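Engineer: First the structure, then my questions, so here it is.
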């Protein structure tokens, strides 16, 4: 069974919650409309479709858009060799979705990392602590409104650097803004 | 006349289960031991909080992040080419393999991964396999040293020195190679380099055999590693292990076979598998992987298009001025090349919107890049799926029930590197 057929089986099972599978670069992406159902979808994909290996979970900050967060799951069936990308959106007000640690244990550290870097919480996670930053660190550094140069914290001289000489150069702009200041993620603060 | 003595091994799974069972009865006073972040056996800055009952570990909480530099954040703020030197510093024991992995990921996003010139593909495979030998030599050398066999460490480091010399003559740097470019490599192999690699291969097999005689049937080594740190097949998959740690548990999954890239489909090699999933199996798998890498390298050197010194002037880069920098003499004399050079250096290549995930079989496991592009010269988001990070997550499940002295064995056999784990 190819990955496309498996994606269609997921769609048949969950109906309108799952988008049409999109194929790009030889990879299949499906979108789950309701993040609350992620546990069911993953459990079904693992039990019925043979996706026994969770490669990775990553997160996207769609800054300035609604919903703000996208959580991206990469599933793989080791026996079939099929891969599937599963995406789901989470709004900024909620910033929470169910954990899938009960489906794959490897999700544990991936979810902790996303919580640490983006501030998205995983409900039901057995041990949702920061993993790369230290306990008590007040910010979420991978958010687009966090400056590259860092922000001062109560621990001086830690996780704070002078801005790189690249600042303001033409190569540090990110697309999407109307002018250079808008496109520069480092000069943007949540207030303005 | 020497006598052959069979070694009687107990069933490893039963032994661990019995140890955990026993723990329930021995409710003595527990001691908390803080191991690391600066400890010679943690190979970097890993901290493990161990709860001990006598010599038995009852709980282990790994604490990572001491080497966190924010590579993913940095990647969002520079062009794709500018990030190549940062990939050297992920798994700093195999920088060339990281370079290859990253370049392939960006090329997949650009849609040019199947247009790479054949010579470039062979050079990249040579780089990746040299890095694999180098990484395994260090991993096994340090593993053996932690267990007490210092000689092996000296042997492997002698061999690694030769790989560093090869790196230096190929890339100009011994350690932080930054060798690949998006769409090719920074330069072709220097004259005589392929012959030097061949000479190295003939020397390294002798030393691998020497290591083998020092360790594989060594009673102390076998006693320390057999039945220790047993990871079952199901557990290995559940925890998302990859690379030699996954195959040591008997799961036949190698990205070079499962999702072939570069010229791996044209090359013959075997994927070694473990049967029990203990530290000894992981050692054996790495040992055999080195021999398979030697085999791969010999085939690459035989088949490399253009011959060793590229007599027929085969290209090593894609001929696309919008992706790869033009030669400098053309920049100074041609208008089109000058424009290409200016655009590439100031804004980077124009990458179409889209997203890809590419996993590369690195020495430590699957190094994956998830790149989300919204067009333009910088990635909108780049997630690095690092094998060491995922491999370490099993520690809290693996360590309880073992003796304190087994920690160094388990850590050595998992072969992680913190630069990659913490990113």
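The values are calculated or read from the model by the stated rules, or taken from the named source; none is laboratory data. Because the structure is predicted, anything quoted here is derived from the model rather than measured. When we count neighbours, we look across all protein chains shown, and the Cβ atoms used for this are built from the backbone with ideal geometry, even at glycine.
Engineer: All but one of (1) farther than 30 Å from residue B:168 by Cα; (2) at pLDDT 90 or above; (3) exposed (fewer than 13 other Cβ atoms within 10 Å of the Cβ) hold for residue B:236; state the number of the condition that does not hold.
Structural biologist: It is condition (3) that residue B:236 fails.
This table checks each residue for (1) more than 12 Å from every other protein chain (Cβ to nearest Cβ); (2) in contact with a strand residue (DSSP E or B) (Cβ under 9 Å, 6 or more places away or on another chain); (3) in a helix (DSSP H, G or I).
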site	(1), (2), (3)
A:38	yes, yes, yes
A:49	yes, yes, no
A:56	no, yes, no
A:72	no, yes, no
A:81	no, no, no
A:103	no, yes, no
A:115	yes, yes, yes
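Engineer: Which one of B:334, B:354, B:401 is in contact with a helix residue (DSSP H, G or I) (Cβ under 8 Å, 6 or more places away or on another chain), more than 23 Å from residue B:91 (Cα to Cα) and more than 13 Å from chain A (Cβ to nearest Cβ)?
Structural biologist: B:401
Engineer: Say whether the condition of being under 21 Å from residue B:165 (Cα atoms), away from chain A (no Cβ under 14 Å) and without any contact (Cβ under 8 Å) to a residue 60 or more places away in the chain is met by at least one residue in the range B:97-108.
Structural biologist: Looking for residues that are under 21 Å from residue B:165 (Cα atoms), away from chain A (no Cβ under 14 Å) and without any contact (Cβ under 8 Å) to a residue 60 or more places away in the chain, one finds none in the range B:97-108, hence no.
Engineer: Next question. Please name all residue pairs, on different chains or six or more residues apart, with Cβ atoms under 6 Å, provided the first residue is in the range B:256-280 and is free of Cβ contacts under 8 Å to residues at least 12 places away in the same chain and the second residue is assigned to a loop (DSSP other than H, G, I, E, B).
Structural biologist: B:258/A:81
Engineer: Identify the residue in the range A:1-25 that is exposed (fewer than 13 other Cβ atoms within 10 Å of the Cβ) and in contact (Cβ under 8 Å) with a residue 60 or more places away in the chain and, among all such residues, is nearest to the chain's Cα centre (by Cα).
Structural biologist: Selected residue: A:2.
Condition check ((1) surrounded by fewer than 18 Cβ atoms within 10 Å (Cβ to Cβ); (2) under 28 Å from the mean Cα position of the chain (by Cα); (3) at pLDDT 85 or above) across all residues:
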| position | (1), (2), (3) |
| --- | --- |
| B:1 | yes, no, no |
| B:8 | yes, no, no |
| B:22 | yes, no, no |
| B:30 | yes, no, no |
| B:36 | no, yes, no |
| B:42 | no, yes, no |
| B:58 | no, no, yes |
| B:61 | yes, yes, yes |
| B:65 | no, yes, yes |
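Engineer: Could you please find all residues in the range B:199-233 being within 14 Å of chain A (Cβ to nearest Cβ) and either crowded, with 21+ Cβ neighbours inside 10 Å or assigned to a helix (DSSP H, G or I) (or both)?
Structural biologist: Correct list: B:231, B:233.
Engineer: Among (1) part of a loop (DSSP other than H, G, I, E, B); (2) at pLDDT below 55; (3) at negative phi, where does residue A:176 come up short?
Structural biologist: (3)
Engineer: Here's another thing I want to ask about it. Taking residue A:87 as meeting all but one of (1) within 28 Å of residue A:146 (Cα to Cα); (2) within 11 Å of another protein chain (Cβ to nearest Cβ); (3) part of a loop (DSSP other than H, G, I, E, B), write down the number of the exception.
Structural biologist: (3)
Engineer: Do you know which residues across the range A:17-36 are more than 10 Å from chain B (Cβ to nearest Cβ) and either touching a helix residue (DSSP H, G or I) at 6+ places or on another chain (Cβ under 7 Å) or in a strand (DSSP E or B) (or both)?
Structural biologist: A:17, A:18, A:21, A:22, A:23, A:28, A:30, A:31, A:32, A:33, A:34
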